[in-house]
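Trainee: First the structure, which I've put down as structure tokens, then a few questions once you've had a look.
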């Protein structure tokens, strides 16, 4: 039997008009401390986003989501936050914010393989 590892994840949401609290799931962030794993995966269905809100700046949205990837990678490209430890980067990425890109509450679970779990959650919650 494979060893199970505690993981935490949050769903990345696009919230075009914060005051309306309507959102579209576009990605997932997964953190598994025991495996040193922190990754995000996202996809933008541009036609769906445009139908949801015609005023979304897709280029800006791609940049913001790209910043999530850079912070997860933990290199210089992630800026000062990217230099923090893995757990601190995850907490920063999942902190409450009132911008067009937000995350859900953090949810825990157990997994054998964080990458497979990220892929499964992405398919279930985003696609």
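Each reported figure results from applying straightforward, stated rules to the coordinates on display, with no laboratory input. Being a predicted model, the structure only gives us computed values, none of them experimental. Glycine also receives a Cβ, built like all others from the backbone with ideal geometry; neighbour counts cover every protein chain displayed.
Trainee: Mind checking the full-extension length gain between residue 83 and residue 18? Use 0.36 nm per residue of separation minus the Cα-Cα distance, one decimal, nm.
Mentor: 20.4 nm
Trainee: How much of the pair distance distribution for the chain lies past 26 Å, counting alpha-carbon pairs only, in percent?
Mentor: I get 21 percent for the Cα pairs in the chain exceeding 26 Å.
Trainee: A further question follows. Based on the Cβ-Cβ distance of residue 97 and residue 60, what FRET efficiency does E = 1/(1 + (r/R0)^6) give at R0 = 25 Å, to the nearest 0.05?
Mentor: After rounding to 0.05, the efficiency reads 0.95.
Trainee: Would you please state which residues of the range 27-46 a label at residue 110 would reach in this model, taking the label point 7 Å out along Cα→Cβ and a backbone N cut-off of under 17 Å?
Mentor: What the label zone holds, given the 17 Å backbone N cut-off, is 32-35.
Trainee: Considering Cα pairs under 8 angstrom that are at least six residues apart, work out the relative contact order of the chain and quote it in whole percent.
Mentor: Relative contact order for the chain comes out at 36 percent.
Trainee: Take residue 53 and residue 127, extend 7 Å from each Cα along the Cα→Cβ direction, and tell me the distance between the two endpoints in nm.
Mentor: Label-label distance for residue 53 and residue 127, simple model: 2.6 nm.
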